[in-house]
Amino acid sequence: MFEPLQAAVDAATGLNSTLERTADLVGVFFFAVSGGLLAVRKGFELVGVVALSLVTALGGGVIRDLLLGATPPTAFSDVAYLVVPLVAAAIVFVAHRPFESRLRTPVQLFDAAGLGLFAVTGSVKASAFGASAVGAVLIGVISAVGGGILRDVLANDPPHLFHPNSRLYAIPAAVGATVIVIAWRNDLYSGTLAIAVAVGVFAIRVAALRWGWRSPKPLFGDR
Amino acid sequence: MFEPLQAAVDAATGLNSTLERTADLVGVFFFAVSGGLLAVRKGFELVGVVALSLVTALGGGVIRDLLLGATPPTAFSDVAYLVVPLVAAAIVFVAHRPFESRLRTPVQLFDAAGLGLFAVTGSVKASAFGASAVGAVLIGVISAVGGGILRDVLANDPPHLFHPNSRLYAIPAAVGATVIVIAWRNDLYSGTLAIAVAVGVFAIRVAALRWGWRSPKPLFGDR
Amino acid sequence: MFEPLQAAVDAATGLNSTLERTADLVGVFFFAVSGGLLAVRKGFELVGVVALSLVTALGGGVIRDLLLGATPPTAFSDVAYLVVPLVAAAIVFVAHRPFESRLRTPVQLFDAAGLGLFAVTGSVKASAFGASAVGAVLIGVISAVGGGILRDVLANDPPHLFHPNSRLYAIPAAVGATVIVIAWRNDLYSGTLAIAVAVGVFAIRVAALRWGWRSPKPLFGDR
């Protein structure tokens with residue numbers, strides 16, 4: 001039913017070519033690694049590692065597709081979106097140590113890349129499916145951060161990105177999604193802009209990690 | 001696709017006029033306040049306050065719309081349903097103290113009003129979309145209490161309404177939804193009845209708060 | 001919209017006759033008992049017992065139907081799927097002791113039967129709705145274990161099936177769903193096969209309980 005729309009989204013975003021799909025799946029891979037590593041740290045067994053890898057990698061996109069009525073979600077119709085996180089889970093299962101030490105920085109970098117890509121594709125898809133402007137921004141953010149929130153809920157942690165010591169994560173995604181939606185509504189959207197915004201979100205996130213940027217804490221009110 | 005149905009629901013409920021939509025958004029506002037306050041109490045930063053405000057205010061209605069296949073959910077197509085809880089989150093962020101002290105009773109009162117309104121609109125919408133009678137009652141209850149449950153899950157608390165010291169919350173919603181569904185199935189439904197039931201749910205909840213009514217605890221069985 | 005598809009699924013699975021529907025509802029009943037018992041152990045009141053019973057019994061099937069776009073989910077259109085877990089919740093509420101002592105083994109056996117049945121019906125329904133092969137297996141597993149995971153999330157526990165001391169639970173469901181999907185794709189699927197696979201999943205789970213079979217824990221990596 002949504003195939004013509006989907007084709008329109010693909011055409012509009014230019015994100016369905018081999019190059020961009022590869023980039024998307026790289027983001028899925030490293031989101032899956034972050035989920036698997038949390039499961040290892042929590043002492044879960046095989047099923048826990050696989051489940052947290054899948055949920056972290058695919059949760060944001062699945063929530064996005066459910067909200068838009070685009071069922072079955074991409075993750076369940078395009079088999080690569082399941083194979084890639086399953087491979088990530090297998091690698092983490094047999095060799096999680098390097099990811100926790102030497103590979104910590106690459107994992108954070110690719111997670112930041114996934115954040116930017118998912119914020120862009122989520123807000124574009126939501127715009128094409130008729131969400132309101134604010135709704136499309138929110139769906140872009142949910143696409144980018146929803147998997148990580150589900151990961152933390154299943155691991156019985158409060159979501160990491162709500163922690164006062166966390167570095168900017170949802171805010172760069174929101175900024176990127178806002179740029180995309182404004183451009184979309186003013187017919188300024190293009191594949192080039194999509195890449196530029198994804199890179200911008202990535203850069204803000206990496207800078208936040210590097211220089212310790214945090215989002216503000218609640219004020220004390222009228223006391 | 002669902003627009004004619006939606007129009008039928010609106011016509012049937014009489015809940016889409018300016019007055020009732022305002023009442024609905026007032027409920028959204030105070031649900032959002034309760035979510036933001038929990039985030040403040042948990043020590044979350046800005047993103048956590050915004051996320052818990054949005055989830056508490058909109059979670060019940062989003063689950064209802066997903067279950068009914070009414071996508072995208074109202075919260076993502078009618079922009080007021082996002083702006084109002086975002087404003088609530090901003091107010092809580094800069095001035096949460098008065099809500100915790102002087103304004104505690106008003107927050108509870110408006111939360112009770114939201115409970116009644118959401119139980120009514122949820123069970124009416126579910127009936128119009130062809131849920132079974134018991135299913136429509138359950139969807140009414142989920143609309144009313146689902147946001148609060150998601151709020152507690154994201155804050156890593158057991159749901160407050162399951163606590164043995166909690167005052168009646170889901171039960172008045174279930175009673176109200178049952179009255180609505182019985183009336184709907186016997187062609188006795190009207191906008192006047194909707195208001196009366198919402199007021200009744202509100203009154204039971206407020207009485208439960210005032211006089212400490214609790215729901216029963218499990219019995220000891222055959223020992 | 002999905003009614004012809006649903007009829008095809010029913011015809012293909014042969015799982016809609018009186019006998020099989022009864023078996024399915026027996027699984028729902030004992031899943032509901034396991035949810036209610038966890039609520040009792042957590043010290044929740046009436047609403048908590050009812051909510052955990054419903055979520056455990058119906059959560060997996062509801063997630064399955066949402067992912068497939070089959071709304072409203074069966075649980076909200078076929079009233080028996082709500083009445084049965086509500087009866088289970090009522091029984092647990094007034095007489096939970098025998099389920100915790102004398103009836104513990106029967107509860108585990110029927111839970112294992114539900115696991116096998118839901119893995120089969122979930123993967124068949126997903127195949128008929130056009131999920132990828134791996135996606136259909138995953139939806140089968142989610143149908144079987146999703147209710148239990150939601151139960152644990154609402155009770156604020158890490159999911160029991162991720163615990164390193166848990167006995168095989170998701171893995172037999174995954175094996176069963178894989179057999180079903182392979183058969184479906186090669187036109188070897190039949191009602192007899194469905195029953196055989198459900199029995200096989202049941203047998204592996206019961207053997208895992210009896211002889212303490214666990215799934216592997218993460219390896220130590222390259223240290």
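Every number here is computed from the coordinates shown, using simple stated rules; none is lab data. What you are looking at is a predicted structure, and each value in this text was computed from that prediction instead of being measured. Using ideal geometry, Cβ is built from the backbone for each residue, glycine included, and neighbour counts are taken over all protein chains shown.
Just to confirm the numbers: C:Thr105, label point 7 angstrom along the Cα-Cβ line, distances to the other copies in nm, shortest first?
Spacings between copies for this position, smallest first, are 6.0, 6.0 nm.
Residues of B:34-40, mean number of Cβ from any other protein chain within 10 Å of their own Cβ, rounded to a whole number?
1
Once Lys and Arg get +1 and Asp and Glu get -1 on their Cβ, which of B:Phe29, B:Leu67, B:Gly130 lies farthest toward the positive end of the dipole of chain B?
The one lying farthest along the dipole's positive direction is B:Phe29.
With +1 on the Cβ of every Lys and Arg and -1 on the Cβ of every Asp and Glu, and nothing else charged, how large is the dipole of region C:3-211 about its Cα centre, in debye rounded to the nearest 20?
Using Cβ point charges on Lys, Arg, Asp and Glu, region C:3-211 gives about 620 debye.
What whole number of Å gives the distance from the Cα centroid of region C:157-223 to the Cα centroid of region C:22-45?
Here the answer is 21 Å between Cα centres.
Note the distances from B:Arg214 to each other copy's matching label point, with points 7 Å along the Cα-to-beta-carbon direction, in nm, sorted shortest first.
3.8, 3.8
Let me have the 222 nm mean residue ellipticity of chain C computed from DSSP H runs of 4+ only, each contributing -39500 (n - 2.57), with the sum over all residues rounded to the nearest 500.
Calculated mean residue ellipticity at 222 nm is -24500 deg cm²/dmol.
So which lysines pass the test for B:Lys42, namely a Cα distance under 17 Å, with those fewer than 8 places away in the same chain ruled out?
Counting by Cα, and skipping residues close in sequence, B:Lys42 has these lysines nearby: A:Lys217.
Output, in nm with one decimal and in ascending order, the distances from the A:Asn186 label point to the matching label points of the other copies (7 Å from Cα along Cα-to-Cβ).
Spelled out, the distances from A:Asn186's label point are 5.9, 5.9 nm.
How would you rank A:Asp187, A:Asp65, going from fewest to most other Cβ atoms within 10 Å of each one's own Cβ?
Fewest to most other Cβ atoms nearby, the residues stand as A:Asp187, A:Asp65.
Mind checking the mean number of beta-carbon atoms from other chains within 10 Å of the Cβ atoms in B:71-82?
Taking all residues of B:71-82 together, the mean is 6.
If I model a spin label as a point 7 Å beyond the Cα along the Cα-Cβ vector, how far apart are those points for B:Leu86 and C:Asp157 in nm?
4.1 nm
Taking the Cα centre of region A:96-223 as origin and charging only Cβ (+1 Lys, Arg; -1 Asp, Glu), how large is the dipole, in debye to the nearest 20?
That gives a dipole near 340 debye.
Quote the relative contact order of chain A in percent (integer), defining contacts as alpha-carbon pairs under 8 Å separated by 6+ residues.
23 percent
Set the Förster radius R0 to 45 Å, insert the Cβ-Cβ distance between C:Ser101 and A:Thr105 as r into 1/(1 + (r/R0)^6), and round the FRET efficiency to 0.05.
In this case the efficiency is close to 0.25.
Charges only on Cβ, +1 for Lys and Arg, -1 for Asp and Glu: so what's the dipole of the protein assembly as shown about the Cα centre, in debye to the nearest 20?
2220 debye
Enumerate the helices in chain C for which the Kyte-Doolittle hydropathy averages 1.0 or more and the C-alpha atoms extend at least 27 Å along the helix's axis, using complete DSSP H runs.
Length and hydropathy pass: C:18-41, C:46-68, C:133-154, C:191-211.
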